[in-house]
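Data block below; observations after.
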Amino acid sequence: MLKVRNIVSRSSGNPVKNQFIIETDDSEVFQSYKSAIAKKCYKTGKTYLDSYYWDYSTTTGKYRNQFLGMNKAETLKAIKAGEIQLVNLN
């Protein structure tokens with residue numbers, strides 16, 4: 001099953017244009033415009049970031065942080081520790 005919804009702004013409570021969460025049976029993907037940015041796999045518990053787009057812009061970073069529940073410094077630390085892997089999601 002596939003479900004798509006807009007990310008909701010924490011400040012306004014409104015859906016954010018061009019920022020999506022896509023749910024499948026085994027994962028959840030954050031998509032900014034037409035690019036997959038991050039993927040969380042339910043079965044393995046692993047998180048992946050697109051190696052090119054994960055830090056593409058300020059807006060992408062803002063909603064990536066919201067999706068992951070961590071700021072950029074924490075994300076970089078998790079990448080360095082191997083907790084988050086950089087891969088090609090596109």
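The values are calculated or read from the model by the stated rules, or taken from the named source; none is laboratory data. Note that the structure is predicted; figures quoted are calculated from it, not measured. Neighbour counts run over all protein chains shown; Cβ positions are idealised from the backbone, glycine included.
Side notes on the structure shown:
- Matching residues, segment 7-37, being touching a residue at least 40 places away in the same chain (Cβ under 8 Å), of a type in the set (Gly, Ala, Ser) and closer than 19 Å to Met70 by Cβ: Ala36
- The residue list Lys72, Lys43 contains one member that is over 13 Å from the mean Cα position of the chain (by Cα) and surrounded by fewer than 16 Cβ atoms within 10 Å (Cβ to Cβ), which is Lys43.
- Residues satisfying the stated conditions in segment 30-55, i.e. in contact with a helix residue (DSSP H, G or I) (Cβ under 9 Å, 6 or more places away or on another chain), under 20 Å from Glu74 (Cβ atoms) and of a type outside the set (D, E, K, R): Phe30, Ser32, Ile37, Ala38, Thr47, Leu49, Tyr53, Trp54
- When residues of segment 45-70 are limited to those that are at pLDDT below 95 and β-branched (Val, Ile, Thr), the one nearest to Ser27 (Cα to Cα): Thr60
- For segment 72-90, a residue qualifies if it is assigned to a helix (DSSP H, G or I) and either among the β-branched types (Val, Ile, Thr) or in contact with a Ser or Thr (Cβ under 7 Å, 6 or more places away or on another chain) (or both), and the qualifying residues are Thr75, Ile79.
- If you go through segment 38-71 and keep only what is in a loop (DSSP other than H, G, I, E, B) and within 13 Å of Gln19 (Cα to Cα), you end up with just Ser57.
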